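> After the structure tokens below, expect a handful of questions from me.
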Amino acid sequence: MFDSTKPYEFKHSTIVAGVPWKSPIGAASGTYNFEACSVFYNPATIGAVSTKGVSPVPWSGNPAPRTAETPAGTVNSVGLQNPGVDHYLEDDLPRLKAMGATVVSNVAGHSDDDYAQVVEKLAQSQADMLEINVSCPNVASGTSVGSDPVALARLMKRLRPLTDKPLIVKLTPNVTDIVSIARAAIENGADAISMINTFVGMRIDTRTGKPILANVTGGVSGPAVHPMAVALVYKVRQAFPHFPIIAMGGTMTGEDALEFLYAGANAVEVGSAALIDPAAPVRIAVELESLLDERPELATALRSGKNWIEITAEEK
Ligand SMILES: Cc1cc2nc3c(=O)[nH]c(=O)nc-3n(C[C@H](O)[C@H](O)[C@H](O)COP(=O)(O)O)c2cc1C
């Protein structure tokens, strides 16, 4: 029987924007909660933990109900509820670092000023990487920056001088031309792309004819989005063969993660699977370990910070 609390040591690792990850599998933002998850596994076991988005001051999030089930995932409208960056710096971040985790600190904001304030504070912290969430569909300002290359370029020009830490830009799938958004991030100082955040979705209670979520719409995640996420990762990878990409969207098994790696991702984060089984990131990392045992070329590429698409192009 699978025991998530075992001190797993993975032989297959990856490097994302110069930062070593102990496994190509990490935990996705908003789905890792220290109290709930550290009971099930040591966060230092996996590649990295991306923590819940933090804003300059505490945010209470959206009214309930904030989640609705679908046959293949959930629709959530949590709305970036969080206790604020100061609390994060005193609480979650030091606790995760004390356990030896590689931490991706996820940054939320309603404005360029908000993002800048958080990045300035995190710049002095123990965070290993900063992930700029310009892609939340559940806050009024959520995707406005992430769906406008000009606005994203402006934000990145503001944030880049504030920190030497690797900056990851998290992309929304709710755009027509994701490559132009990725380009705006890459040309203005991003060190990596993470993709995807949730798709806009909605459920209606057929007994009342009314939306289930108080916010009316939410973000769809889980197995339903996996094929779309794979296609978008592949598309961005084709446009930028060498740029670090962290993939997420509906990863439930090691095979799902492997698909992302073949699409050109350098690492994969597990989100919604952990809402059903908090230990899912470790289980999936264990499953991927044996799949990579059988694929030494891919494993070697990841270990040296390369991706499948660039090494197979080099062979041609
Ligand atoms: C309940 C919930 C909360 C989330 N909160 C955040 C967040 O704070 N910041 C962020 O960048 N992404 C957030 N996400 C998006 C996930 O990190 C991930 O990108 C998305 O869910 C797709 O992956 P999955 O299908 O494996 O869940 C959240 C997702 C869920 C389901």
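Quick note: the coordinates plus some simple rules give every number you see, no bench work behind them. Model, not experiment: these values are computed from the prediction. Virtual Cβ from ideal backbone geometry, glycine too; neighbours counted across all protein chains shown.
> Going by the alpha-carbon gyration tensor, a ≥ b ≥ c the square roots of its eigenvalues, is segment 80-216 rounded (a/c under 1.5) or, if a/c is not under 1.5, prolate (a/b greater than b/c) versus oblate?
oblate
> For each of I15, I25, count neighbouring Cβ atoms within 10 Å of the residue's Cβ, then give the residues from fewest to most.
Going from sparsest to densest Cβ surroundings: I15, I25.
> Run the numbers on segment 130-272 and let me know its relative contact order in percent, using alpha-carbon pairs under 8 Å that are six or more apart.
Rounded, it is 20 percent for segment 130-272.
> Order of K52, K6 from fewest to most other C-beta atoms within 10 Å?
In order of increasing Cβ crowding within 10 Å: K6, K52.
> Same structure, new question: Report the Cα centroid-to-centroid distance between segment 110-158 and segment 29-71 in angstrom, as an integer.
After rounding, the separation between the Cα centres reads 18 Å.
> Could I ask something else about it? Once amide H atoms are built 1.01 Å from N in the peptide plane, which residues 5 or more positions from M248, or in another chain, come under 5 Å H to H?
Hits under the 5 Å cutoff: M195, I196, E269.
> List every residue whose amide H lies under 5 Å from the amide H of W21, counting only residues 5 or more places away in sequence or on a different chain, with H placed 1.01 Å from N in the peptide plane.
Sorted by chain and number, the residues that satisfy this are T14, I15, V16.
> Continuing with this model, one more query. Amide H of I204 versus every other amide H placed in the peptide plane: which residues, excluding those fewer than 5 positions away on the same chain, fall under 5 Å?
Residues meeting the criterion, in which the H sits 1.01 Å from N, are I212.
> Let me ask another. Taking the Cα centre as origin and putting +1 on Lys and Arg beta-carbons and -1 on Asp and Glu beta-carbons, what dipole magnitude results for the chain, to the nearest 20 debye?
That gives a dipole near 460 debye.
> Distance between the C-alpha centers of segment 171-218 and segment 238-280? Whole Å please.
Their Cα centres are 17 Å away from one another.
> Taking a ≥ b ≥ c as the square roots of the Cα gyration tensor eigenvalues, with a/c under 1.5 meaning rounded and otherwise prolate when a/b beats b/c, else oblate, which class fits segment 159-316?
Oblate shape, in that a/c is at least 1.5 and b/c is the bigger or equal ratio.
> Measure up K210/K235; K22/K52; K121/K170; K6/K170 against 29 Å on the Cα-Cα distance and list the ones that go over.
Beyond 29 Å between Cα atoms: K210/K235; K6/K170.
> Can you work out ³J(HN,Hα) from phi for every residue in segment 2-19, in order, using Karplus 6.51 cos²θ - 1.76 cosθ + 1.60 and θ = phi - 60°, giving whole Hz and x for Gly and Pro?
So the J values, rounded to whole Hz, are 5, 10, 5, 7, 4, x, 4, 10, 8, 8, 9, 10, 8, 10, 10, 6, x, 9.
> Quickly estimate the mean residue ellipticity at 222 nm for the chain, helices only: each DSSP H run with n ≥ 4 gives -39500 (n - 2.57), and the total goes over all residues, rounded to 500.
Computed mean residue ellipticity for the chain: -9500 deg cm²/dmol.
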